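Peer 1: Quick one: the structure is below, questions incoming.
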Ligand SMILES: Cc1cc2nc3c(=O)[nH]c(=O)nc-3n(C[C@H](O)[C@H](O)[C@H](O)COP(=O)(O)OP(=O)(O)OC[C@H]3O[C@@H](n4cnc5c(N)ncnc54)[C@H](O)[C@@H]3O)c2cc1C
């Protein structure tokens with residue numbers, strides 16, 4: 001009899017695990033209470049990047065003079081923008097559904113929870129309840145925005161990231177609380193869409209976990225675009241006074257704006273999973289996993305944001321795939337590889353874009369590790385001049401003894417695409433010579449990577 005595999009949560013982790021396990025011969029049920037594709041498609045990665053793309057198109061048109069065009073004055077059509085976001089989400093949902101159906105995955109539209117070590121109870125959309133037996137279970141219910149007790153989002157003027165696609169109106173003045181990756185992306189998004197933006201930065205710099213040089217470049221860009229940075233301040237309350245939103249900070253500063261957006265992290269969706277029924281342990285709601293994705297109960301796996309590893313869609317997808325392989329006994333194959341979380345590439349879709357992978361310069365210095373750092377600005381690139389956008393740089397980190405590429409950071413246009421080249425080197429321990437001797441297309445921005453490798 002085929003292995004019976006039940007997946008609760010149909011985001012990137014759930015879809016990848018279900019499809020892959022079915023391909024490997026498992027009998028798979030995928031339980032999803034909302035949209036196949038998950039929060040990633042409905043609220044997080046996709047709509048945010050679609051809005052950023054619209055903002056990018058707008059600022060590009062406003063700067064069109066640099067491309068030899070007459071300047072135009074386009075404006076935002078929020079209805080059209082809403083339709084665009086909905087159509088991208090539904091297109092992706094349909095493709096995922098088709099993919100799952102083509103692999104004979106049974107999709108159950110409902111809410112799942114554990115009721116035993118091998119039993120999952122599903123409350124279907126019509127209220128009916130079904131209990132399904134499983135040989136293996138994967139929990140991939142994702143996370144949701146963290147909302148502190150001092151803030152009560154109303155979805156109209158006090159927003160979480162889930163209310164912003166697009167909000168009922170483009171804010172005249174938006175205060176963004178939180179200066180991590182999500183916060184800075186929203187600052188960029190709304191600045192490009194024409195809002196005046198104030199950013200509350202709890203530390204001395206935005207992106208405290210990133211290379212300081214990279215964070216500095218972004219801050220300069222924000223300042224050039226009129227963003228007001230309030231550094232060293234923590235919000236203590238956000239309240240509405242009519243059409244004004246008042247944000248108070250612990251150092252006594254008060255900001256009045258038309259809207260506020262909270263971007264201070266996420267909490268895991270594990271509270272409704274009834275983990276105790278199967279004895280699954282959690283830490284602050286996250287489910288600790290081993291290298292195979294197993295929880296403390298070996299046939300119950302966890303993946304994606306719920307696993308408390310890197311909260312990235314790309315990581316969730318890879319975890320889902322690896323879990324399907326482990327469950328189907330494929331991890332003994334010679335070519336099986338574990339996920340190396342420290343080699344995951346990530347990007348911040350601001351302007352300029354920021355992307356990094358592997359060891360950073362600051363990290364190497366902090367650990368006293370000898371590294372070779374080469375930095376090449378895009379201003380030396382023909383393609384950057386053709387694009388009328390010479391901002392930013394490529395920084396390549398390698399081992400001085402072996403030449404193996406250890407990491408890199410890119411700031412500039414298409415950084416999120418270009419970083420994949422460095423990620424390939426880091427993952428496969430390629431050297432700077434391997435990179436420098438590859439024949440890239442000319443003229444392209446990727447040639448700057450070759451220069452950094454030479
Ligand atoms: C604003 C924002 C932008 C982001 N942008 C990016 C980006 O550009 N790139 C990137 O890599 N990452 C990005 N991320 C992170 C990314 O969205 C997450 O890491 C990713 O969605 C995690 O995937 P997942 O499979 O764990 O869960 P999710 O995508 O959260 O999906 C979980 C699914 O489980 C379902 N579910 C929950 N409970 C139950 C239940 N009891 N029964 C049935 N179904 C249930 C939910 O409805 C949901 O569909 C972003 C995050 C945010 C907040």
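The values are calculated or read from the model by the stated rules, or taken from the named source; none is laboratory data. Given the structure is predicted, the values throughout are model-derived calculations rather than measurements. Glycine gets a Cβ as well: all are built from the backbone with ideal geometry, and neighbour counts include every protein chain shown.
Peer 1: Is there any pair linking a residue in the range 415-439 that is under 29 Å from residue 217 (Cα atoms) to one that is surrounded by fewer than 17 Cβ atoms within 10 Å (Cβ to Cβ) and at pLDDT below 95, with Cβ under 6 Å and at least six apart or on different chains, and which?
Peer 2: 436/454
Peer 1: Test residue 53 against the criterion of being assigned by TED's automatic domain parsing to the domain that holds residue 141, within 13 Å of the ligand (Cβ to nearest atom), within 20 Å of residue 185 (Cα to Cα) and surrounded by fewer than 16 Cβ atoms within 10 Å (Cβ to Cβ), and give yes or no.
Peer 2: Considered against the rule, which asks whether it is assigned by TED's automatic domain parsing to the domain that holds residue 141, within 13 Å of the ligand (Cβ to nearest atom), within 20 Å of residue 185 (Cα to Cα) and surrounded by fewer than 16 Cβ atoms within 10 Å (Cβ to Cβ), residue 53 comes out as yes.
Peer 1: Something else now. Scan the range 25-50 residue by residue and report those that are touching a residue at least 40 places away in the same chain (Cβ under 8 Å), within 14 Å of the ligand (Cβ to nearest atom) and part of a loop (DSSP other than H, G, I, E, B).
Peer 2: 33, 35, 36, 37, 43, 44
Peer 1: Please enumerate the residues belonging to the range 167-176 that are at pLDDT below 95 and over 16 Å from residue 263 (Cβ atoms).
Peer 2: Listed by number, the residues that qualify are 168, 169, 170.
Peer 1: Go through 247, 214 for me and flag whichever is surrounded by 18 or more Cβ atoms within 10 Å (Cβ to Cβ) and modelled with pLDDT of 95 or more.
Peer 2: 247
Peer 1: Pull up the range 147-164, narrow it to residues that are buried (at least 19 other Cβ atoms within 10 Å of the Cβ) and part of a loop (DSSP other than H, G, I, E, B), then point me to the one that is modelled with the highest pLDDT.
Peer 2: 157
Peer 1: Still on this model: Would you mind telling me which numbered condition in (1) surrounded by fewer than 23 Cβ atoms within 10 Å (Cβ to Cβ); (2) free of Cβ contacts under 8 Å to residues at least 60 places away in the same chain; (3) in contact with a strand residue (DSSP E or B) (Cβ under 6 Å, 6 or more places away or on another chain) residue 407 fails?
Peer 2: (1)
Peer 1: OK, next. Any chance you could count how many residues in the range 296-325 are more than 9 Å from the ligand (Cβ to nearest atom), surrounded by 20 or more Cβ atoms within 10 Å (Cβ to Cβ) and without any contact (Cβ under 8 Å) to a residue 60 or more places away in the chain?
Peer 2: Residues in the range 296-325 being more than 9 Å from the ligand (Cβ to nearest atom), surrounded by 20 or more Cβ atoms within 10 Å (Cβ to Cβ) and without any contact (Cβ under 8 Å) to a residue 60 or more places away in the chain: 2 in total.
Peer 1: Here's another thing I want to ask about it. With respect to residue 11, is the statement that it is modelled with pLDDT of 90 or more, near the ligand (Cβ under 7 Å from one of its atoms), touching a strand residue (DSSP E or B) at 6+ places or on another chain (Cβ under 9 Å) and on the phi < 0 side of the Ramachandran plot true?
Peer 2: Yes; evaluated as a whole, the condition is true for this residue.
Peer 1: Something else: Could you figure out which of (1) more than 25 Å from the chain's Cα centre (by Cα); (2) within 16 Å of the ligand (Cβ to nearest atom) isn't true of residue 75?
Peer 2: (2)
Peer 1: Would you call residue 412 surrounded by 20 or more Cβ atoms within 10 Å (Cβ to Cβ) and farther than 20 Å from residue 344 by Cβ?
Peer 2: Here the answer is yes, as residue 412 does meet what is asked.
Peer 1: Let me ask something else about it. Could you list, in sequence order, the residues of the range 345-354 that are surrounded by 19 or more Cβ atoms within 10 Å (Cβ to Cβ) and near the ligand (Cβ under 10 Å from one of its atoms)?
Peer 2: Of everything in the range 345-354, those that are surrounded by 19 or more Cβ atoms within 10 Å (Cβ to Cβ) and near the ligand (Cβ under 10 Å from one of its atoms) turn out to be 345, 347, 348, 349.
Peer 1: Grab the strands (runs of 3 or more DSSP E) fully contained in the range 350-454, keeping just those with 2 or more residues being over 24 Å from the mean Cα position of the chain (by Cα).
Peer 2: 372-377
Peer 1: Here is a follow-up. As an exercise: evaluate residue 231 against (1) modelled with pLDDT of 95 or more; (2) in contact with a strand residue (DSSP E or B) (Cβ under 6 Å, 6 or more places away or on another chain) and give the number of the one condition it does not meet.
Peer 2: Going through the list (1) modelled with pLDDT of 95 or more; (2) in contact with a strand residue (DSSP E or B) (Cβ under 6 Å, 6 or more places away or on another chain), residue 231 breaks only (1).
Peer 1: If you don't mind, another one. Is it the case that the range 443-454 has a residue that's modelled with pLDDT under 95 and over 24 Å from residue 219 (Cβ atoms)?
Peer 2: yes
Peer 1: Which ranges mark the strands (runs of 3 or more DSSP E) fully within the range 190-295 that have 3 or more residues being more than 30 Å from residue 336 (Cβ to Cβ), under 27 Å from the mean Cα position of the chain (by Cα) and in contact (Cβ under 8 Å) with a residue 60 or more places away in the chain?
Peer 2: 235-241, 259-262
Peer 1: Something else: What number of residues within the range 275-290 are surrounded by fewer than 17 Cβ atoms within 10 Å (Cβ to Cβ), under 13 Å from residue 118 (Cα atoms) and touching a strand residue (DSSP E or B) at 6+ places or on another chain (Cβ under 6 Å)?
Peer 2: 1
Peer 1: Do you know which of the residues in the range 326-343 that are in contact (Cβ under 8 Å) with a residue 60 or more places away in the chain and part of a loop (DSSP other than H, G, I, E, B) is surrounded by the most Cβ atoms within 10 Å (Cβ to Cβ)?
Peer 2: Here the answer is 328.
Peer 1: Among (1) more than 16 Å from the ligand (Cβ to nearest atom); (2) outside any helix (DSSP H, G or I); (3) buried (at least 22 other Cβ atoms within 10 Å of the Cβ), where does residue 22 come up short?
Peer 2: Unmet for residue 22, out of (1) more than 16 Å from the ligand (Cβ to nearest atom); (2) outside any helix (DSSP H, G or I); (3) buried (at least 22 other Cβ atoms within 10 Å of the Cβ): (2).
Peer 1: Within the range 374-402, can you find the residues that are surrounded by 17 or more Cβ atoms within 10 Å (Cβ to Cβ), farther than 19 Å from residue 219 by Cα and modelled with pLDDT of 95 or more?
Peer 2: Residues satisfying the conditions are 376, 381, 383, 384, 396, 397, 398, 399.
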